[in-house]
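Student: My structure is below; once you've seen it, I'll send some questions.
Please treat every number below as a calculation from the coordinates, not as lab data. Here the structure is a predicted model, which is why all the values come from computation and not from measurement. Positions of Cβ are generated from backbone atoms using ideal geometry, with glycine treated the same way; all protein chains shown enter the neighbour counts.
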Amino acid sequence: MAKTKPNLAPLLIALALLFLIPTRLCALEIKRYVLNNGAVLLVSEQHQLPMVTVSIAFDAGSRRDPEGKAGLASLTAASLAEGTRELSASELNKKIDFMGSSLTVSADRDYATASCVSLKKFFPQTLALLTSVLTDPGLRDEDILRKKTEQIAALRSADEEPGYVAKRVFTELLFDHQPYGHLPEGDLDSVERLTPQDVREFYHTYYHTGSAVIAVVGDVDAEQIKGEFDKALAKLQGQVAPQPPPPPPKVPAGAHVTKIDRNVTQANIELGFEGIARSNPDFYKLQVMNYILGGGGFASRLVKQVRSKAGLAYSVASFFTPGKFPGSFQVVLQTKNSSANQAVRMVLEELRNMQTRPVSQKELEGAKRFLIGSFPLKIDRQSSIASFLLQVEIYGLGLDYVDKYPKLIDAVTVEDVQNVARKYLHPDAYILVAVANQKEAALDVSSAAPANGGH
Amino acid sequence: MKTSSIRVRVINRVSVLVACCAVLAIAGRASCALTDAVRATTLPNGLRVLVLENHKAPVATFMVFYKVGSRNEKFGATGISHLVEHLMFRGTKTLGPEEFSNIIQENGGTDNAFTTENYTAYFEVINKDHLEVPIRLEADRMANFAPQGFDSEKAVVMEERRLRTEDNPQDSLYEIAQSQAFIQHPYHWPVIGWMNDLEHLTLEDALKYHEVYYSPQNAIIVAVGDFDADKVMRQISENFSQIKNGAKPPPVTEVEPPQKGERRVELRRPAELAAIAEAFHVPNYRDPDSFALEIVAELLADGKSSRLYRKLVVEKRMVVSVDTEYDRLSVDPNLFWITAQIRPNVKVDDVIGVIDDEIATLRDKAPSDDELQKAKNLVQASFVYGQDSIFREAMLLGQYEMLGDYRMLDQYLVGIDRVTPQDVSRVVGKYLNRPQRTLAILIPTGVLPHPAAGPAGSTVR
C-alpha cells in the first residue's frame, strides 16, 4: 500500500526548541482554613461541573495497628461505612445509591480516608451521611463481624495472585514488625483475631479532628463549606498522640533470598531495601534518579533493557514508597520461570550502573521535562486534586507547591543523581522475594555478584 | 464501595486503565450539549475527525481509534491485533523503537494503547501546549509502520499472557466461558490470543495486518482538551490528509447462531477460591432492549444496595464479590455476564441457585418505581462524573463513532429514561434464561502455600 511519509524534520526541530523548562504550568487556587475543631480544611472551587468530591484524612492508617492486630485500621475503616446509630447498613446504602453518590472509608499505610462523591444537587444529603458515619457510626457487632469475614475472604482471594504474595512477604521481611511491616489489610492470622471491641477502641483512639485534614473540590462555595465543617465534626474534637518514628530497617550485606514455590508460569520478583520518608530533602533528586532507573516507563533503563531489548517481561518498574516514615525501594517484575536469573542479573547491573557512571545530560533533561511537564496531568480531575490537597497539607508542601515543584526538579544535577544512587541503592544488600516454580526458576544470585567481588 | 470490572476484555500495552470501559459503558447523556460542541469532519481520504474543546484543566488528549480488534482475526492467527498494537511503538521509517513514548514523555505527556474485541485505540494525554507532538507522531506511525525487534516484542506479549491469564485462575475461567458461548463468531477467542497462535505469528503477518487495517478510511481521531478547535483541526488535517488508503478491509461475516441449550464447562486448576461465570447471549445497541439490559446490570450488582450484593455478600455471605458486566456498545451482539468469587466452604451450586432465584424474581415481579429510579440515578450520576476526565469524554465519542455516529451518545440517557419496570422483567425473561446461558465453574485443586513472614524460604548468600 502506498502511504506517503510525512517529513518529521520540523517536529524534531520543534522538540529541540521545547527543551526550555516551562516555569508556570498550571494554577490551582487553594483556600486553607483551620477549623474550630482543629482540622485543616483545604478547598479548591471548581465550577465547570455540577459535582463535588470530599476527602478527609485521619491519623488512623495501618501503621497504627497494634502489634499482633495487623488489619485493624482497615477493618475499622470498612466498618465505619456500615451504617450510623440511626441508619442500618442497608438503609444507608439505599440512600447513597439512590442519589448515585459514593461514600467510602478505607485505610492505607499512613492515613484512613473517608470520601464522598456526589452531584451538586445531592451534596448536602451526601455530606450529612459522610459526617454522620464519622461522628455517630453504628459499629454494631454483626456489621463488624461481617466486614471481618469479608476481609478474610478478600485476603484469600488476593493470595491467589503470585505478585501479591511476593509484595506481602517482601513488606513483612523488610519492615519486620515495624509500623510499615504489614500491608494495610493485614494477614489471615491477625485478622482472624480481631474483635468488634478492638474496632470500637481503634475508632475512639484515632478518629479525631486535631490531626485531620479535609479536602473539598468541586462546585461549592469555600466560605459556606467552612461553616458547615466547623459544626459537622465537632464531636470528633481532640488530638491523636504522635507516633514515634521507628528505627530504620537495615538489610545486612548480601542477598537475602526468599523463595516461595508455586506451580506458576512466571517468577514474580520483588527486590529491594529501605527507602526514604517523604520529608527527606533528597526526595526530588530521587524522583529524577528513579525516573531514569525504572520509574519512567519506556524512557527508563529497566524497561529498555529487560523489556524492550531482551523481551523478558511485560512489566518491570522500580519505585520508592515515601511516607510519614521511611518506606521501601523496590524493583518489581514478572518473567517466565526460566528467565528469572537473567532478569535479576540485569536489574542488579542497572542498579550498579546508576552508582558507578553518571547519567547522560539527555537522560537528565528527559526526566526533568517529564516530571515538570506532566504535573498538570496529576491534578486534572476532582479526585486527583483532592488527594493532591491532602498531600500538600500532610507533608507541609505549601499552597504554592504547584509553582515550587518545577524549580525543585530543575535544580537536580547529574552529580546529584549519582550521589543519591550511591546513597540509597544497595545492590549488594537487598531482600529478594520470588514466587515461582522454583525448580524451573533455579534462582541463584551468587552469579549476580559484581566481577570485583563485593559482598 | 462499588465493585470494579473484573473481566478484563481490554488489553493494555502497559498495565494501567484496564477497567475503564465498564464505567464508560454505562455513561451517557440526557441533554445534547456535549455533542453539540463537537466539531466533526471527514478528511478527503475518509479519516473521521472529532474535536471538542474542554477548558477544565490545561491538558489535552489525543486518540486514534482503528476499526480492528480480535473480531477481525482468523483461526490460527489470534492475538495479531494486540501484537500489532505493541509493534506500533517499536519504530517507523523515521523513528527508532520506543522513541515514540520517549518523545511524548519528554513533552510532559503519557501515552498508551489498548486492544479490544472491536477496536484498537492509541492515546496520549499531554500538556495543552504540546498537542501537535502526538498529532505528528500518530500520523507517522499510521503511514510509516516499520517495527524493529519483532521477536522480543512477541516475547513481551507472551509474558503478558502468562501474567494476565496463565497464572490468573479467574481470567482463565472467563476465557473458557467466552470460548464456549461463541462457537462460530470470532468473539470465541481472547483478545490477547491463544499462546500457540502467538508463537507462530510472524513479522510478515504484522506488516500485512497493518497494511490492511491501519488506513485513514478505517480510523477515527478524537481530540479533547484545553485548545482552540480550529487550530487543532488544521493541525490534524495538515498531518493526516496526505496519507493514502489501500484496499478496503474485508468485512467480518461470521454470525453466531442462536444458542439452543445450556452449556456447562469446568476448569480445574490450583486456585484459592472457587468462582463462577454465567454468560448469556444478548443484543447490542441496535436493539432498544439494550437499555433495559443496562438497567438489569445496575439492579443486580451496582452498589451495595443492589440485589445480588445484598443477597450474596451481605445476607448469605456466600461470595467475596459478585459483578455484572454488559457492553451494549459491542459491534456485534455479545454477552451479559454475572460473575462471582465464592467463599471457602460454600457450595457452588448454592450460589448458582441464589442467582437463579434472583433472576426469577426480577422476571416474575417488576421492580418498584423507586428501585428503577435508583438505577437511572446511578447511570446519570456516573455520566456527570465521567465528564470530569477528558480522556473519558474522548473514549465515549470514539466508541460511539466506531458504531457509526458519535451523536448516538445523545440518545443514551433518553433511552435509559424510557425503560419501564415491565421492560426490566420482560428482558430478564427473554435473555437471562437457561438455554442461552453458558455456565463456567472454577474448581480449585490443591492448596496454595500461605507463606508468612519470618523467612519462609531459603536464604542464599
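Student: Would you work out the Kirkwood radius for chain A? I mean one over the mean of 1/r across all pairs of different Cα atoms, in Å.
Tutor: Hydrodynamic radius (Kirkwood, Cα pairs) of chain A is 24.2 Å.
Student: Taking a ≥ b ≥ c as the square roots of the eigenvalues of the Cα gyration tensor of the protein assembly as shown, is the shape rounded (a/c under 1.5), prolate (a/b larger than b/c) or oblate?
Tutor: Note, shape of the protein assembly as shown comes out rounded.
Student: While we're here: Which net charge results when you count Lys and Arg as +1 and Asp and Glu as -1 among the other residues whose beta-carbon is under 14 Å from that of residue A:421?
Tutor: -1
Student: Something else now. Which of the GluC sites (Glu not before Pro) found in the range A:56-156 are loop residues per DSSP with 13 or fewer other Cβ atoms within 10 Å of their Cβ?
Tutor: Sites meeting the loop and neighbour criteria: A:67, A:86.
Student: Let me ask something else about it. With 10 angstrom as the radius, rank B:363, B:269 by how many other C-beta atoms surround their C-beta, starting from the fewest.
Tutor: Least crowded to most crowded, the residues run B:269, B:363.
Student: What list do you get for B:192, B:441 if you sort them by fewest beta carbons within 10 Å? Don't skip to the end; give the middle numbers.
Tutor: Numbers: B:192 25, B:441 22.
Going from least to most buried by this count: B:441, B:192.
Student: Read phi for every residue in the range B:153-160 and hand back ³J(HN,Hα) as whole Hz from Karplus 6.51 cos²θ - 1.76 cosθ + 1.60, θ = phi - 60°, with x for Gly and Pro.
Tutor: So the J values, rounded to whole Hz, are 5, 4, 4, 4, 5, 5, 5, 4.
Student: About its Cα centre, what dipole magnitude does chain B give when the only charges are +1 on Lys and Arg Cβ and -1 on Asp and Glu Cβ, stated in debye to the nearest 20? Walk me through the numbers on the way to the answer.
Tutor: On the way: 52 positive and 63 negative charges, 160 e Å.
Its charge dipole is roughly 760 debye.
Student: Mind scanning A:31/B:231; B:154/B:304; A:69/A:235 and naming the pairs with a C-alpha gap bigger than 30 Å?
Tutor: A:31/B:231; B:154/B:304
Student: If we count other beta carbons within 10 Å of each Cβ, what is the order of A:204, B:185, fewest first?
Tutor: Least to most surrounded, the residues fall as A:204, B:185.
Student: Which percent, nearest 5, of DSSP beta bridges in the range B:263-448 are antiparallel?
Tutor: 75 percent
Student: Return the FRET efficiency for the residue pair residue A:342, residue A:90: r is the Cβ-Cβ distance, R0 is 56 Å, and the value is rounded to the nearest 0.05.
Tutor: Efficiency at R0 = 56 Å is approximately 0.55.
Student: Same structure again: Quickly rank A:226-236, A:99-109 as a protection proxy: mean count of other C-beta atoms within 10 Å, highest first.
Tutor: Highest to lowest by the protection proxy: A:99-109, A:226-236.
Student: Would you mind calculating the relative contact order of the range B:263-448 from Cα pairs under 8 angstrom and at least 6 residues apart, reporting the percent as a whole number?
Tutor: Working: 291 pairs, mean separation 77.6, N = 186.
Value for the range B:263-448: 42 percent.
Student: Go through the range B:212-228 residue by residue and turn each phi into a ³J(HN,Hα) via Karplus (6.51, -1.76, 1.60, θ = phi - 60°); whole Hz please, and just put x for glycine and proline.
Tutor: Rounded to whole hertz, the list is 6, 9, 9, 10, x, 5, 10, 10, 9, 9, 10, 10, 9, x, 8, 8, 8.
Student: Here's a follow-up. Dipole magnitude of the protein assembly as shown about its Cα centre, charges +1 at Lys/Arg Cβ and -1 at Asp/Glu Cβ only, in debye to the nearest 20?
Tutor: Working: 102 positive and 113 negative charges, 151 e Å.
Result for the protein assembly as shown is approximately 720 debye, rounded to the nearest 20.
Student: Tell me what chain B gives for mean residue ellipticity at 222 nm when only DSSP H runs of n ≥ 4 count, each as -39,500 (n - 2.57), the sum divided by the residue total, rounded to 500 deg cm²/dmol.
Tutor: The helix-only estimate for chain B comes to -11000 deg cm²/dmol at 222 nm.
Student: Among DSSP beta bridges whose residues both lie in the range A:254-448, state the antiparallel percentage, nearest 5.
Tutor: 70 percent
Student: Can you spot the lysines whose alpha carbon is less than 17 Å from residue A:362's alpha carbon? Ignore those fewer than 8 places along the same chain.
Tutor: A:285, A:304
Student: Stick to the Cα atoms of the range A:299-455, pair each with every other, and give me the Kirkwood hydrodynamic radius in Å at one decimal.
Tutor: 18.1 Å
Student: Report, as an integer, the average count of C-beta atoms from other chains found within 10 Å of each Cβ along B:54-61.
Tutor: Taking the mean over all residues of the peptide, I get 5.
Student: What is the distance, in nm, between label points placed 7 Å from the Cα along the Cα-to-Cβ direction at residue A:282 and at residue B:99?
Tutor: Reported label-point gap for residue A:282 and residue B:99 is 3.6 nm.
Student: Hey, what did the range B:150-207 get for relative contact order, percent, Cα under 8 Å, at least 6 apart? Please list the in-between numbers first.
Tutor: Working: 24 pairs, mean separation 18.3, N = 58.
That works out to 32 percent.
Student: So, one more: Quick one: compute the contact order of chain B, relative version, from alpha carbon pairs under 8 angstrom and 6+ residues apart, as a percent.
Tutor: 24 percent
Student: Positive end of the dipole of the range B:263-448, charges at C-beta (+1 Lys, Arg; -1 Asp, Glu), about the Cα centre: which of B:387, B:359, B:330 has its Cα farthest in that direction?
Tutor: Value computed over the given set: B:359.
Student: Now a separate question. Just going by the charge dipole of the protein assembly as shown, with Lys and Arg at +1 and Asp and Glu at -1 on Cβ, which of A:37, B:35, A:162 is farthest out on the positive end?
Tutor: A:162
Student: Output the 0 to 90 degree angle, nearest 10, between the alpha-carbon long axis of helix B:132-143 and the longest principal axis computed from the alpha carbons of chain B.
Tutor: Compared with the principal axis, the helix lies near 90 degrees.
Student: Count, for each residue of A:154-161, the Cβ atoms from other chains sitting within 10 Å of its Cβ, then give me the mean as a whole number.
Tutor: Values: counts 3, 3, 8, 10, 2, 6, 12, 6.
Mean partner-chain Cβ count within 10 Å for A:154-161: 6.
Student: Farthest toward the dipole's positive end in the range A:254-448, which of A:356, A:430, A:317, given Cβ charges of +1 (Lys, Arg) and -1 (Asp, Glu) about the Cα centre?
Tutor: A:317
Student: What number comes out for the charge environment of residue A:80, summing +1 per Lys or Arg and -1 per Asp or Glu over other residues with Cβ under 11 Å away?
Tutor: Net of charged neighbours comes to -1.
Student: Viscosity 0.890 mPa s, temperature 25 °C: what is the translational diffusion coefficient of the range B:44-142 from Stokes-Einstein with a Kirkwood Rh over Cα pairs, rounded to a whole number of µm²/s?
Tutor: On the way: Rh = 14.6 Å.
Here the translational diffusion coefficient equals 168 µm²/s.
Student: Moving on. Let's see if you can work this out: charge +1 on each Lys and Arg Cβ, -1 on each Asp and Glu Cβ, no other charges. What is the dipole magnitude of the range B:146-273 about its Cα centre, in debye to the nearest 20?
Tutor: The dipole of the range B:146-273 has a size of about 400 debye.
Student: Tally the DSSP beta bridges in the protein assembly as shown and give the antiparallel ones as a percent, rounded to 5.
Tutor: Restricted to the protein assembly as shown, the bridges split so that about 75 percent are antiparallel.
Student: I need the phi-derived Karplus couplings for the range A:47-64: 6.51 cos²θ - 1.76 cosθ + 1.60, θ = phi - 60°, integer Hz, Gly and Pro marked x.
Tutor: Here the 3J(HN,Hα) series is 9, 6, 10, x, 8, 9, 10, 10, 9, 10, 9, 10, 6, 9, x, 6, 5, 8 Hz.
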